[in-house]
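Take a look at the structure set out below.
Here, each number is a calculation from the coordinates, and none is a lab measurement. Quantities reported herein were computed from a predicted structural model and do not represent experimental measurements. For neighbour counting, all protein chains shown are included, and Cβ atoms are generated from backbone atoms with ideal geometry for every residue, glycine included.
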Protein chains: 2
Amino acid sequence: MTDSVATTARASARAEMTQRIKQAAREHLAVDGANLSLRAVARDLGVVSSAVYRYFASRDELLTALILDGYASLGDAAERAEAAVPRRDLAGRWIALGRGVRDWALANPHEYALLYGSPVPGYAAPQDTVGPASRPVLVMVEIMRDAVAAGVPIPAGPRLPRAVRADLERLQDDPAFSGVPPAMFARGMTAWAQLFGALSFELFGRLTNAIEAYEAYFDYQLRAMAAYLGL
Amino acid sequence: MTDSVATTARASARAEMTQRIKQAAREHLAVDGANLSLRAVARDLGVVSSAVYRYFASRDELLTALILDGYASLGDAAERAEAAVPRRDLAGRWIALGRGVRDWALANPHEYALLYGSPVPGYAAPQDTVGPASRPVLVMVEIMRDAVAAGVPIPAGPRLPRAVRADLERLQDDPAFSGVPPAMFARGMTAWAQLFGALSFELFGRLTNAIEAYEAYFDYQLRAMAAYLGL
DNA sequence: CTAAATCGAGAGCGGTGCTCTTGACACGCT
DNA sequence: AGCGTGTCAAGAGCACCGCTCTCGATTTAG
């Protein structure tokens, strides 16, 4: 359990096997989606199916591990992309964030579908996925917070419904979300939905025969949303 | 084949059984999602599984039928909702369209997931789904066309990339999409992605713990996008 | 009235997730 | 150094799946 300085051979073998199973499962994700076959990944590893159950108690648990890895991977990519832009360039940071998310999604389309597609039928995401899942959105919150702190004016728009304003003010109690006034937060969530809507359309093949210049159009949308956010 | 005036008993029985299978499959969709069990629907109908194959050659074919029905149902709902608003009220028509889509999605969440969620792993949508699938978007195209015809100015925004402009100009060759200049079409597709992004977030449970006033927030977003479209 | 078409039932194939038991092996402690 | 303990992969087995094929019963059409 407690892996001291000298990791035992058994423990390291277990860690390595766990990684090998996840890697094989990731490859099967491309073909079978969320209903991948445990037996198939076992076959790939030259191992009998029941052996896999030593490492993951069920198919759902393996899926959860893949989801957690996916969120971590996307979170890394999003943070890295955004961090490469000077702090003062707010619009540039937003665009870099959006591009980072898209690049990751294009590189890992099946993981993207797992994270942001329709929920897996019998599967309920355990509570420990909400933390990693919010990492990308926290990057955007940071941009909005910096924009507000820099005195960037929030564009005029439709009046925020009272109930929504209450929700967003309640959200301010969480320090991770504080410092962003409701009017700005509402716009941010709208832009966020736009980003993932556009991404889902592209990745799920919902705009074939319409747009071929995917990347250029995605960039255009990012710029449009930057303007919408007042960045 | 040619069902003349007097439909044979067999033909009507076949039509009825086809409907019963689809209905049972729709109910299973709620539990098992896209990987529903043909055997289970057969059990529900008190029939052996092989009998279902008399009506649908494969599980995929049954899924295709459900998808087609779904698009038709959504198309009806979208057209009906939008048609209830006076032609001159462009923003109202857009908002009614968005609400209509949402109402349908809330009433048929599993069909929504089937149509707009992650693609079913081994399943490739046959070509005859593209027509019905475009019905809702055609409603929005009609609104944009009317807006342009009425002389509504297209708001200023980021420059449209050349490749995107070319795509959208090529799209004009299709009479269904003509009459909408690229700058407007680009905004329309952005708003469309926003709409379905917001809907997917709500239906796939991606904004729990943030917003409780779903409907009010959705309406707010529709108004924001109406402004974005210049309606 | 008869031949053809259609129907549901049933058996059967290879696959699935998952459980349980068995024997071999590596570990940590004395 | 040796021994008990815990972990390991393997294999058999259960119930379910999609799908195919055959067979007798029934309805249709000529």
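A few comments on the model shown:
- When we screen B:R59, B:R88 for residues that are within 12 Å of DNA strand D (Cβ to nearest atom) and of a type in the set (K, R), the only hit is B:R59.
- Condition check for A:R59 on (1) within 21 Å of A:L114 (Cβ to Cβ); (2) more than 14 Å from chain B (Cβ to nearest Cβ): one failure, at (2).
- Scanning segment A:172-219 for residues that are over 29 Å from A:I154 (Cβ atoms), crowded, with 18+ Cβ neighbours inside 10 Å and facing chain B (nearest Cβ under 7 Å) returns A:F204, A:A210, A:I211.
- Test: A:Y220 is hydroxyl-bearing (S, T, Y) and in contact with an Asp or Glu (Cβ under 9 Å, 6 or more places away or on another chain): no
- For B:V152, the criteria (1) facing another protein chain (nearest Cβ under 8 Å); (2) in contact (Cβ under 8 Å) with a residue 40 or more places away in the chain hold in every case but one, which is (1).
- Number of positions in segment B:49-105 that are within 16 Å of DNA strand C (Cβ to nearest atom) and either closer than 20 Å to B:P136 by Cβ or not hydrophobic (A, V, I, L, M, F, W, C) (or both): 10
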